[in-house]
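Report on one structure; see the data block that follows.
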Amino acid sequence: GDISSQLHGGYSHPLARSWQAERQLTKSMLIYPLFISDQPDDETLIPSLPNMHRRGLNKLVPYLKPLVARGLRSVILFGVPLAPNCKDALGTAADDPSGPVISAIRLLRKSFPTLFIAADVCLCEYTSHGHCGILRDDGALNNALSCERISDVAMAYADAGAHCVAPSDMNDGRVRAIKLKLIESGIAHRTLLMSYAAKFSGCLYGPFRDAAGSSPSFGDRRCYQLPPGGRGLARRAIARDIAEGADVIMVKPASQYLDIISDAKDIGKDLPVAAYQVSGEYAMIHAAAKAGVFDLKTMAFESTEGILRAGASIVISYFTPEFLDWLEN
Ligand SMILES: NCC[C@H](CC(=O)O)[C@@H](CN)CCC(=O)O
Ligand SMILES: [Zn+2]
């Protein structure tokens, strides 16, 4: 055939193959999720999430010290309130000043001055009903009350010193509500707003819900997380959150939604796009590797390279500790 039919020469050498990628995975792209227990000495393995633990305040610094030394740059905090009867219809415990997330923000800011600390903002870990907001009598989310409450929780985390607040609730207009309060209180200049803009309902969050005790007590999240087929809705939600002041747009889950990551980069070409490889994706890769389908490390990289290829430059990944080692060698 003519000369243009010959491509092999462009990627026959390993270095030339690496040049074909627009983005390479680096340690600074990784955000590591942490489950913070309200029991100070807790350090409990999470059966459904291989190698993941929930940890109390007394166990956090010793655990993170070697990871920060190996290049950990960022964490995102999820509270796991275990105290009996601490959950109510408003998720009051979410912004308890002595609660797990606010205490951990203060502790980590003090202990690791260079660590970028993001706080997930939602109510589902703290509400008696397990939904990501405040409910109406008919069981649907009360949008106005939920945005008011979510933005209050975001403010509490930002006031405590979080570098980033990340609303994962999917209430309409919560990004605007948070941004307005950040501006009004004069801390918008030091707080990054990362929106879970396109977050889909589905079966990939089970292990997380086991870990965080955040399953809905009735119904599901199909009326506020996006329908898996809703590409247009995702594009509209991404455009809306950018207009409302999001500094980073996140897509979640990741591997089953690479087209959405690509859309997010297309719509938000002037913003960094993040993707969250969720608990179900992570557990599935571990299960398949254990079953001998593929090598764990190879698939951890291959799935993440696909997420980067789609347009993400930030990855929330439970593989972060391993990547710190794998990227070193
Ligand atoms: N606020 C929703 C939490 C949501 C899971 C759910 O829908 O219950 C995600 C946390 N942001 C789950 C993350 C994961 O599965 O890893
Ligand atoms: Zn939630």
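Given the conditions (1) within 16 Å of ligand 2 (Cβ to nearest atom); (2) under 16 Å from Arg240 (Cα atoms); (3) of a type in the set (A, V, I, L, M, F, W, C), report the number of the one that Leu193 does not fulfil.
The one condition Leu193 does not meet is (1).
Hey, does the stretch 176-192 have a residue that's crowded, with 17+ Cβ neighbours inside 10 Å, under 17 Å from the mean Cα position of the chain (by Cα) and outside any helix (DSSP H, G or I)?
yes
Quick check on the stretch 243-258: of everything there that is away from ligand 1 (no atom under 15 Å from the Cβ) and within 13 Å of Leu271 (Cα to Cα), which residue is surrounded by the most Cβ atoms within 10 Å (Cβ to Cβ)?
Ranking the candidates gives Ala246 first.
I'd like to verify a number: residues in the stretch 60-93 that are of a type in the set (D, E, K, R) and under 26 Å from Glu281 (Cβ atoms), how many?
Total meeting the criteria: 2.
Would you confirm, using the coordinates I've provided, whether Ala156 is modelled with pLDDT of 95 or more, crowded, with 18+ Cβ neighbours inside 10 Å and closer than 21 Å to Val251 by Cβ?
Against the criterion (modelled with pLDDT of 95 or more, crowded, with 18+ Cβ neighbours inside 10 Å and closer than 21 Å to Val251 by Cβ), Ala156 does not qualify.
Across the stretch 203-227, which residue is nearest to Ala283 (Cα to Cα) among those that are more than 7 Å from ligand 1 (Cβ to nearest atom) and buried (at least 19 other Cβ atoms within 10 Å of the Cβ)?
Ala211
Kindly indicate whether Ile285 is surrounded by 15 or more Cβ atoms within 10 Å (Cβ to Cβ) and within 30 Å of Leu182 (Cα to Cα).
No.
Please specify each residue of the stretch 306-321 satisfying the condition of being part of a helix (DSSP H, G or I) and more than 24 Å from Cys203 (Cβ to Cβ).
Leu308, Arg309, Pro321
Within the bounds of the stretch 14-26, is there any residue that is outside any loop (DSSP other than H, G, I, E, B), in contact with a strand residue (DSSP E or B) (Cβ under 8 Å, 6 or more places away or on another chain) and among the aliphatic types (A, V, I, L, M)?
No, the conditions are met nowhere in the stretch 14-26.
Condition check ((1) under 22 Å from Pro321 (Cα atoms); (2) of a type in the set (A, V, I, L, M); (3) in a loop (DSSP other than H, G, I, E, B)) across all residues:
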residue: Ala239; (1), (2), (3): no, yes, no
residue: Val251; (1), (2), (3): yes, yes, no
residue: Tyr257; (1), (2), (3): no, no, no
residue: Ala275; (1), (2), (3): yes, yes, no
residue: Tyr282; (1), (2), (3): yes, no, no
residue: His286; (1), (2), (3): yes, no, no
residue: Val293; (1), (2), (3): no, yes, yes
residue: Phe301; (1), (2), (3): yes, no, no
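The values are calculated or read from the model by the stated rules, or taken from the named source; none is laboratory data. Quantities reported herein were computed from a predicted structural model and do not represent experimental measurements. Note that each Cβ is placed from the backbone with ideal geometry, even for glycine, and that neighbours are counted across all protein chains shown.
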